[in-house]
Ligand SMILES: [Zn+2]
């Protein structure tokens, strides 16, 4: 049985999420969602777009979008043929302490952008390329 009050009285909810903190998220995606009355969740690593446009990310958050942690360096598991993964960002070389330190440091950078969003915090997080660290 569906609880009709669960999603503000609607029968369902849809979550629109965008990874990697790209310029087009600020320039196109956020405004386009707003034009249609929607809001999105943007998971960003600490990259040039985040650091170079922090005021715009904060403004996006203040307009009702969610910002989430996508780690400090966006580590991924290398499978040998991946040339875009720098060796020091290979998730296979991470241990739990390094992983936690990266997520915590990324939170320290992201949280000031969220200060105007009382319902958000550092709990919003997604792993890079949906990779897992199950062996940690
Ligand atoms: Zn990613």
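Only the coordinates and a few stated rules stand behind these numbers; no lab work does. Quantities reported herein were computed from a predicted structural model and do not represent experimental measurements. Cβ coordinates were reconstructed from backbone atoms using ideal geometry, including for glycine residues, and neighbour counts include every protein chain displayed.
I'd like the FRET efficiency for residue 55 and residue 96, computed as 1/(1 + (r/R0)^6) with the beta carbon distance as r and R0 of 41 Å, rounded to 0.05.
0.75
Quick check: pseudo-label points 7 Å beyond the Cα along Cα→Cβ at residue 47 and residue 34, how many nm apart are they?
2.2 nm
Return the distance in nm (one decimal) between the two label points of a simple spin-label model at residue 73 and residue 15, each offset 7 Å from Cα along Cα→Cβ.
For the pair residue 73/residue 15, the computed spacing is 2.8 nm.
Could the peptides 34-41, 69-76 be put in order, highest first, of the mean number of other beta-carbon atoms found within 10 Å of their residues?
Details: 34-41: 12.4, 69-76: 22.0.
Listed from highest to lowest mean packing, they are 69-76, 34-41.
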